[in-house]
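The values are calculated or read from the model by the stated rules, or taken from the named source; none is laboratory data. Small disclaimer: the values here were computed from a predicted structure and weren't measured. Cβ: placed from backbone, ideal geometry, glycine included. Neighbour counts: every protein chain shown.
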There are 2 protein chains.
Amino acid sequence: MATKGKLYLIPNRLGLHATDKAFTPYQTEVLDVITLFLVENIKPARQLLRAVSAQKNIDNCHFIEMHELKLGSPEMTMVFQALKSGQDVGLISDAGCPGIADPGAFFVALAHEAGMEVLPMVGPSSILLTLMGSGLNGQQFSFHGYLPKETAQRKTALSAITSDIQRNGYTHLFIETPYRAQHMLDDILNTLSPSLKLCLGVDILMPEQFIITRTIQEWKKHSALVHKRQVVFALGK
Amino acid sequence: MATKGKLYLIPNRLGLHATDKAFTPYQTEVLDVITLFLVENIKPARQLLRAVSAQKNIDNCHFIEMHELKLGSPEMTMVFQALKSGQDVGLISDAGCPGIADPGAFFVALAHEAGMEVLPMVGPSSILLTLMGSGLNGQQFSFHGYLPKETAQRKTALSAITSDIQRNGYTHLFIETPYRAQHMLDDILNTLSPSLKLCLGVDILMPEQFIITRTIQEWKKHSALVHKRQVVFALGK
């Protein structure tokens, strides 16, 4: 019987940054040979292939968008047949690490249920890079994805974060869409305790990257313009 | 006036695994030129340099162990003078990403206070790789470092984790020292709800790596031998 195929979890770029800062040589090795890809969207996956696997004939590759992978669908059956017959499959989200603040986990869970080998690959995560660069507590931390949009609920979430920082010392990370990032920053500066520390991880790995940690009080004196930028927020003490 | 030096946060190996799976070409570029290093311990930092920056003359490098970097110490003064005069400095912990379940954050915080530029680099994190590979919720998660050693306190910690999984759906990650990993696994299997999912990320990036997610009930039927192995535990649903 043939060896089962493996599911490679393949990080994507965080933007159009230089690939030599983001990917290992192994990423090229793996992308050179895989031809069946589960993707969040086809275009960012093709862009990754062009950037990292120069000689690849992309037109010979098969891309399935993950929203098509419904239980019992022909696409799902085809992917599992490929894996069972020994073909390796790559899973790629639009940016960063699949499954981390990005789609992919639901399929990885199915792969575990089917006893497949899952191989996550080293690559860029704006969350991890912001936490490393923040100087905040990296021994205990929580990531919340997006905080609630609605003002009262967002205030409640920010107060819960503040009490946890003061009681347990965890660092709390969250993200916001680029066009609401400035509004989130203003909300934080207007509502949180002046002595808390806020790290902004902005446009990580891009030429415009900055990672700066200051107290809320200091940020109020020198705020940042983050409108339409990719921002990871980290709060701690 | 000279441009200030930058503080590079440089990931180290998770063990003696192949470097082409863990590091970017940029890691070699940076290690080729830096000569002043803040390290958790000198030996693992020298091993990284030998593995990733082949032509480097390591005997020309200066290593300062981070425990020597006390406020007001001659070592601390020297490092900040180097940064202020334009010299780049590398910070390296014994394994994985500095500052994440590893020392380094205290110095990064001082660098921010002094207005230095901090540049975290892409590299291996067993926590992030386990979460990616787990198929558990990566939209919201918490990392707790080590759980309490004492039985009653550990049980309390595991119950708090269970209620948070059931209430909020967060994934909860923690680590354990290799010689207590089996004991921790047995404790989890004996105390937690059979329907919870447990992912074991074992010896990540090493030839013996495995990442497997099963319900507690299934783990009880096919448990794993993790004594003296590097294990990241992830609990979720």
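Take B:Thr177 and decide whether it is under 18 Å from B:His144 (Cβ atoms), more than 24 Å from the chain's Cα centre (by Cα) and surrounded by fewer than 16 Cβ atoms within 10 Å (Cβ to Cβ).
Working: under 18 Å from B:His144 (Cβ atoms): yes; more than 24 Å from the chain's Cα centre (by Cα): no; surrounded by fewer than 16 Cβ atoms within 10 Å (Cβ to Cβ): yes.
No; evaluated as a whole, the condition is false for this residue.
For B:Val39, work out the one condition from (1) surrounded by 24 or more Cβ atoms within 10 Å (Cβ to Cβ); (2) within 14 Å of chain A (Cβ to nearest Cβ) it doesn't fulfil.
(2)
Identify, from the list B:Gln140, B:Gln153, the residue that is within 7 Å of chain A (Cβ to nearest Cβ), more than 21 Å from B:Ile10 (Cβ to Cβ) and over 16 Å from the mean Cα position of the chain (by Cα).
On the way: B:Gln153 fails: within 7 Å of chain A (Cβ to nearest Cβ).
None of the others qualify; the one that does is B:Gln140.
Looking at (1) modelled with pLDDT under 95; (2) crowded, with 22+ Cβ neighbours inside 10 Å, which is the only condition A:Leu71 fails?
(2)
Among B:Met132, B:Met184, which is the only one that is closer than 23 Å to A:Pro120 by Cα and of a type outside the set (Lys, Arg)? Before you say what the answer is, go through the steps one by one.
Values: B:Met184 fails: closer than 23 Å to A:Pro120 by Cα.
None of the others qualify; the one that does is B:Met132.
Restricting to the range B:98-115, count the residues that are buried (at least 20 other Cβ atoms within 10 Å of the Cβ), more than 7 Å from chain A (Cβ to nearest Cβ) and either under 22 Å from B:Ser142 (Cα atoms) or in contact with a Gly (Cβ under 6 Å, 6 or more places away or on another chain) (or both).
Within the range B:98-115, residues that are buried (at least 20 other Cβ atoms within 10 Å of the Cβ), more than 7 Å from chain A (Cβ to nearest Cβ) and either under 22 Å from B:Ser142 (Cα atoms) or in contact with a Gly (Cβ under 6 Å, 6 or more places away or on another chain) (or both) number 3.
Filter the range A:12-35 for residues that are at the interface with chain B (Cβ under 9 Å from one of its Cβ atoms) and assigned to a loop (DSSP other than H, G, I, E, B); which is farthest from B:Ala18 (Cα to Cα)?
Once the filter is applied, the top-ranked residue is A:Ala18.
Quick one: which residue in A:Gln166, A:Gln87 is in contact (Cβ under 8 Å) with a residue 60 or more places away in the chain and out of contact with any strand residue (DSSP E or B) (no Cβ under 9 Å at 6 or more places or on another chain)? Explain how you work it out, then say what you get.
Details: A:Gln87 fails: out of contact with any strand residue (DSSP E or B) (no Cβ under 9 Å at 6 or more places or on another chain).
Result: A:Gln166 is the single residue among A:Gln166, A:Gln87 that is in contact (Cβ under 8 Å) with a residue 60 or more places away in the chain and out of contact with any strand residue (DSSP E or B) (no Cβ under 9 Å at 6 or more places or on another chain).
Would you check which residues across the range B:180-196 are part of a helix (DSSP H, G or I) and either of a type in the set (Ser, Thr, Tyr) or over 22 Å from the mean Cα position of the chain (by Cα) (or both) and list them?
Going through the range B:180-196, the residues part of a helix (DSSP H, G or I) turn out to be B:180-191.
B:Asp186, B:Asp187, B:Ile188, B:Leu189, B:Asn190, B:Thr191, listed by residue number.
Consider B:Lys21 against the criteria (1) over 20 Å from A:Gln27 (Cα atoms); (2) surrounded by 17 or more Cβ atoms within 10 Å (Cβ to Cβ); (3) charged (D, E, K, R): it satisfies all of them except one. Which criterion is unmet?
Condition not satisfied by B:Lys21: (1).
So is B:Ala105 without any contact (Cβ under 8 Å) to a residue 24 or more places away in the chain and more than 26 Å from B:Ile211 (Cβ to Cβ) or not?
Details: without any contact (Cβ under 8 Å) to a residue 24 or more places away in the chain: yes; more than 26 Å from B:Ile211 (Cβ to Cβ): yes.
Here the answer is yes, as B:Ala105 does meet what is asked.
In this structure, does A:Asn168 turn out to be in contact with a Ser or Thr (Cβ under 7 Å, 6 or more places away or on another chain) and within 14 Å of chain B (Cβ to nearest Cβ)?
Details: in contact with a Ser or Thr (Cβ under 7 Å, 6 or more places away or on another chain): no; within 14 Å of chain B (Cβ to nearest Cβ): yes.
When the stated conditions are applied, A:Asn168 does not pass them.
Quick check on my filter: what residues within the range B:1-35 are of a type in the set (Lys, Arg) and either in contact with a Phe, Trp or Tyr (Cβ under 9 Å, 6 or more places away or on another chain) or over 25 Å from A:Thr130 (Cβ atoms) (or both)?
Step one: filter the range B:1-35 for residues of a type in the set (Lys, Arg), giving B:4, B:6, B:13, B:21.
B:Arg13, B:Lys21 - these are the residues of the range B:1-35 that are of a type in the set (Lys, Arg) and either in contact with a Phe, Trp or Tyr (Cβ under 9 Å, 6 or more places away or on another chain) or over 25 Å from A:Thr130 (Cβ atoms) (or both).
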